[in-house]
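I have placed the structure first, in the form of structure tokens, so that the comments after it can refer back to it.
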Amino acid sequence: MTPPRIVLVDDHALCRNGLSDLLTHRGGMEVVAALSEPEAVIRCLREHQPDLVVLDLRMPQGDGLSLLRRLRAEGIETPALILTMSDSETDLSAALRAGVRGYLLKDMEPEDVIAAIGHAARGELTVAPAMTLKLAQLLQSGSKGNDRRGLLASLTERERQILDHLALGESNKTIARALDISHDTVKLHVRHILAKLNLSSRVEAAVFAVEARAAGAR
């Protein structure tokens, strides 16, 4: 199996180099580059097209989410994961709205960080255990007053199928292969699902699907 290819973005050289060593020597991943300059990040992602970019949230030359929004505006669709010291619900919410694949904390155990980055690089969704309660609270506040049954009833059969795959943390490419449809078709359906469920990201959609199933709304 080809090792996941990762780009690290952090303004602290110690963090970049330490995480690079961990992912390479203990995680069996390929760290394509460890960078801090936004322009260098953009050039690197265009040239190498890695499986995942890991972004710090707070950096002197601009926060990770601003950089992520710039990447998307320039047509760079590399999946992104936030690795930060911030356990703020506000930051988590902003990251989810920006469409990140995961949100991890720098005080997690190294092996847990390695495992989570590996999962994200393979197309799965991942959130630091310490943030799961805050994620649940965000979802509850975001869907307050909404009836899950009514929201789910608004989805087409194909959208329900894709939502089930999102709940498994699968990437668009994996879903496309499983359902024998194009990658672009999956992306379009995901946008429609998020709009109909009044959600901001794939992570929220996955959690919504799991909670709906647990509540018997499926």
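Restricting the calculation to Cα atoms, region 64-142 shows an Rg/Rh of 0.96 when the hydrodynamic-style radius is the Kirkwood one.
Under 5 Å between amide hydrogens, built in the peptide plane, is the criterion, and for V31 it picks out I6 among residues at least 5 positions away or on other chains. A viscosity of 1.306 mPa s and a temperature of 10 °C, combined with the Kirkwood radius over Cα pairs in Stokes-Einstein, give a translational diffusion coefficient for region 144-214 of 132 µm²/s. Using the Cβ-Cβ distance between R149 and R122 with R0 set to 35 Å, the FRET efficiency from 1/(1 + (r/R0)^6) comes to roughly 0.60. When each of the peptides 85-91, 52-58, 188-194, 177-183 is scored by how many other beta carbons lie within 10 Å of its residues on average, the order from highest to lowest is 52-58, 188-194, 85-91, 177-183.
Evaluated at q = 0.16, 0.20, 0.21, 0.24 Å⁻¹, the base-10 log of the normalised Debye intensity for region 79-190, with identical point scatterers placed on the Cα atoms, takes the values -0.85, -1.16, -1.21, -1.32. 3J(HN,Hα) couplings calculated from phi for region 29-46 with the Karplus curve 6.51 cos²θ - 1.76 cosθ + 1.60 (θ = phi - 60°) are, in sequence order, 9, 9, 8, 5, 6, 10, 10, 9, 8, x, 5, 5, 4, 4, 4, 5, 5, 5 Hz; Gly and Pro show x. Taking every C-alpha pair closer than 8 Å and separated by at least 6 residues, the mean separation divided by the residue count of the chain gives a relative contact order of 17 percent.
For region 85-126, the Kirkwood radius over C-alpha pairs fed into Stokes-Einstein at 37 °C and 0.692 mPa s yields D = 303 µm² per second. So what is the relative contact order for region 1-98, in percent, with contacts set as C-alpha pairs under 8 Å and at least six apart? It rounds to 28 percent for region 1-98. Counting lysine pairs in the chain whose alpha carbons fall under 26 angstrom apart, excluding pairs fewer than 8 residues apart on the same chain, gives 7.
Bear in mind that the values in this text are calculations on the coordinates, not laboratory data. As the structure is a computational prediction, the values presented were derived from the model and not from experiment. So basically every Cβ, Gly included, is an ideal-geometry build from the backbone, and we count neighbours across all protein chains shown.
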